Amino acid sequence: MRKLLIITLTIFCLGSISAQKKGERETIKISATINESPESVTLSWAKISTVSNYRIYKRNDLDTAQWGSPVKVNMVNDTTFTDSDVLVGEGYEYYVTAGSGNSSFHGYAYSGIKKQADFYMGNTLLLIDEAYKNALSSEISRLEEDLLNEGWNVTSLFIPRTMSVQDVKSSIDIEAKNLDNRLKTIFIIGHVPVPYSGDYGGDLPPPDGHVVGSGGHTGAWSADTYYACFDGNWTDTRVNNTTGSRSRNYNIVGDGKLDQSRLPGNVNYELGRVDLFDMPAFSKSDTELVRDYLNRNHSYRTGKAQTIKRALVDDNFGSLNLSSTGWNNFTSFYTPDSVTSKDYFTEMKTAPYQWSYGCGAGSYTSCSGVGRTSDFAADSLQSIFTILAGSYFGDWDIRNNLLKAPLANSALVSFWGGIPKWYIHTMALGKNIGFGAKESMNNRGDYFTGNFNSSHNGAHMALMGDPTLKLNYIQPPTNASGTSADNKITLSWNAAPGQVDGYHVYRVFDYQGTTTQLSKTPITELSFVDSTNRSDGSYSYIIRAVKYDTTNSGSYELLSPGINTAVEFKYENTVGITDLNKDNVMVYPNPASDVVHLKLVISKDQTAYANLLDISGKIILSQQINAETTSDIVVSGLQNGVYHLAIKVGAQTLNKALVISK
């Protein structure tokens, strides 16, 4: 323990006298140049004269845990790499690294050519402070609508401030199971009970290095990761640590605070929180501060709030590699000349920056060389996303905490970046920030951790802000309408403001809740005719503007929020419908265990749907069935029992019982 204390003090003293900027120096700033025909991605970076070579890695799947072997090793003067094994519409992650003596150099990029957007974002759970249920009802409803318009499926749950953290987590688990374990993101709004976890100063050093005798930031820290990590075993049975300088951090067996300093398993869900409780430095109540935040959130994600696409770094720890979290991520978004070293408050009081980074010696309410919570309360800054690093304030559940303060000013996101490293470079091709936050929390060495006080994969890691937010937004089209006639649906809309490359059109069948993208490439007209539908019903059509946005990592489909219009459709058969009966429907095997084969003997111009319902009548599976061919329905994930199979062709429906037996 004494050895750790000496190391910590030495590092911080060096940081105060050295003018070197280690964080920037050890970042490999990758720029990507793309070519659509022939398809290629070319990476380039500045020469590092002290190394002998650069190792370049690539992976096609962001879910792949290992980089494998280098795809190329370049000598020191060769600072480019061209990859011709790429396809338009796909994304690829690259890692360039080098070493020299005690220094290591790292750079990451997520690159692609017109990376295809995901219309369906997944299921998000809004975990909302019950104190806001009435006071912020309109703002919460608007947020739910915004998320739906972006392709999220939204569930909202109101949580009392007095609920135990264990019961909060159980509530999350119940909602996740209700969503067939397809929950993706959790957005906590307000002072939902805060978990604490850790034996800092015992099994691991405190992330900020302040051991007993040097600030005593030991014991348990605030740990929202508990709400998102379901893989491992969280316990409250072994840690007795009361060495911290504040009783808030004491951790005693059975007190409701968890034992784990490092995550016991993978974080399963993207997670972020906006909690502006106990911030008296600001003149407004926490309710009004959250209201302001949700108003700014709405303005930004609907493309109305403007900023300048650039970033600044205010590094007051010149001999520590903390600020590379800023330099690496920012140069994924912008060219290196748009990422500059500037003073945090001096610059952003008068000039807008989309991203900002600041680090320095800290307290719970200050960051030396950057600012104090009182400065955020007094001045209006112009930054959308910010990263801060320094002692103490990464443990954020405390009065007037600095990490939360930007959210009460102009920022929509804030996190403690550098202790450990965070990787949100995937935002450069349209990923939401929650994706990168989750990857950073789960990082056990897949990305460079920074080796700072063993802080990587720590239970303390937290995203302050909305995890569904993306880097850039454009405004949607307006005034969508639809009419049904002659077995077609004709849609029209008004153009989206600004320059766009077209529009995508999606059809939602209300009975099934399934969405079909009708436009394979962006439509440049302001109208669209859907002549592919052959089934009666209530339909919603969603129209989203498309812009091929370009960052320093490549290009991608940037979708606007959607606008929708509802249409009742009646298909009038003009060629004759084959009667639907047991003689022209074959379902086998029945009983089934893994796969059911379904064959319909009907006209080729007819469209059929098969819906599988459980005994309560809930649709649990739905898919389109092709005429005169055999379609497979996978039932391996279903439990044994009797199900109801409804086969619909036009206005006709045939019902069959299906038994699942394994």
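Restricting to segment 515-527, name every residue that is without any contact (Cβ under 8 Å) to a residue 40 or more places away in the chain, within 32 Å of the chain's Cα centre (by Cα) and part of a strand (DSSP E or B). Answer for segment 515-527, where residues must be without any contact (Cβ under 8 Å) to a residue 40 or more places away in the chain, within 32 Å of the chain's Cα centre (by Cα) and part of a strand (DSSP E or B): Thr516, Ile523.
Would you check if there is a residue in segment 489-498 being surrounded by 13 or more Cβ atoms within 10 Å (Cβ to Cβ), at positive phi and either modelled with pLDDT of 85 or more or more than 25 Å from the chain's Cα centre (by Cα) (or both)? No, segment 489-498 contains no residue that is surrounded by 13 or more Cβ atoms within 10 Å (Cβ to Cβ), at positive phi and either modelled with pLDDT of 85 or more or more than 25 Å from the chain's Cα centre (by Cα) (or both).
Answer yes or no: is there a residue in segment 639-649 that is at pLDDT below 85, surrounded by fewer than 12 Cβ atoms within 10 Å (Cβ to Cβ) and of a type in the set (D, E, K, R). No, segment 639-649 contains no residue that is at pLDDT below 85, surrounded by fewer than 12 Cβ atoms within 10 Å (Cβ to Cβ) and of a type in the set (D, E, K, R). Among the residues of segment 535-573, those that are assigned to a loop (DSSP other than H, G, I, E, B), more than 32 Å from the chain's Cα centre (by Cα) and either modelled with pLDDT of 90 or more or surrounded by fewer than 19 Cβ atoms within 10 Å (Cβ to Cβ) (or both) comprise Asp536, Lys570, Tyr571, Glu572, Asn573. What are the residues in segment 379-427 that are of a type in the set (A, V, I, L, M, F, W, C), over 20 Å from Arg301 (Cβ atoms) and part of a loop (DSSP other than H, G, I, E, B), if any? Passing the criteria: Phe393, Trp396, Ile398, Leu402, Leu403, Ile419, Trp422.
Output the number of residues of segment 173-196 satisfying the condition of being under 13 Å from Thr225 (Cα atoms), out of contact with any Phe, Trp or Tyr (no Cβ under 7 Å at 6 or more places or on another chain) and among the β-branched types (Val, Ile, Thr). Walk me through it before giving the result.
Residues of segment 173-196 that are under 13 Å from Thr225 (Cα atoms), as a first pass: 185-188, 193-196.
Those left that are additionally out of contact with any Phe, Trp or Tyr (no Cβ under 7 Å at 6 or more places or on another chain): 187-188, 193-194.
Add one more test, that the residue is among the β-branched types (Val, Ile, Thr), and what stays is 188, 194.
Total satisfying the criteria: 2.
Screening the candidates Lys470, Lys431 for the property of being part of a loop (DSSP other than H, G, I, E, B), closer than 27 Å to Thr346 by Cα and of a type in the set (D, E, K, R) yields one hit, Lys470.
For segment 412-464, a residue qualifies if it is within 17 Å of the chain's Cα centre (by Cα) and among the small types (Gly, Ala, Ser), and the qualifying residues are Ser414, Gly417, Ala428, Gly430, Gly434, Gly436, Ala437, Ser440, Ala462.
Among the residues of segment 98-140, write down those that are of a type in the set (Ser, Thr, Tyr) and surrounded by fewer than 16 Cβ atoms within 10 Å (Cβ to Cβ).
Residues satisfying the conditions are Ser100, Ser103, Ser104, Tyr120, Ser137, Ser138.
Among the residues in segment 207-214, are any surrounded by fewer than 24 Cβ atoms within 10 Å (Cβ to Cβ), at pLDDT below 95 and of a type in the set (Gly, Ala, Ser)? Yes: segment 207-214 contains one or more residues that are surrounded by fewer than 24 Cβ atoms within 10 Å (Cβ to Cβ), at pLDDT below 95 and of a type in the set (Gly, Ala, Ser).
Selection of segment 181-205 for residues being among the charged types (D, E, K, R) and over 17 Å from Asn453 (Cα atoms) yields Arg182, Lys184. If you go through segment 452-485 and pick out every residue that is over 22 Å from Ala408 (Cα atoms), in contact with a strand residue (DSSP E or B) (Cβ under 7 Å, 6 or more places away or on another chain) and not polar (S, T, N, Q), you end up with 7.
Name the single residue that is farthest from the chain's Cα centre (by Cα) among those in segment 151-171 being at pLDDT 95 or above and of a type in the set (Gly, Ala, Ser). By that ranking, first place goes to Ser164. Scanning segment 608-631 for residues that are under 14 Å from Met586 (Cα atoms), at pLDDT 75 or above, in contact with a strand residue (DSSP E or B) (Cβ under 9 Å, 6 or more places away or on another chain) and among the charged types (D, E, K, R) turns up nothing. For Gly91, the conditions (1) in contact with a helix residue (DSSP H, G or I) (Cβ under 8 Å, 6 or more places away or on another chain); (2) farther than 26 Å from Ser338 by Cβ all hold with the exception of (2). Among the numbered conditions (1) in contact (Cβ under 8 Å) with a residue 24 or more places away in the chain; (2) not assigned by TED's automatic domain parsing to the domain that holds Ile28, the only one that Ile174 does not meet is (1). Among the residues making up segment 86-129, those that are touching a Lys or Arg at 6+ places or on another chain (Cβ under 7 Å) and closer than 30 Å to Glu144 by Cβ are Gly91, Gly122, Asn123, Thr124, Asp129.
The values are calculated or read from the model by the stated rules, or taken from the named source; none is laboratory data. These numbers come from a predicted model, not from an experiment. Cβ atoms come from the backbone with ideal geometry, glycine included; neighbour counts cover every protein chain shown.
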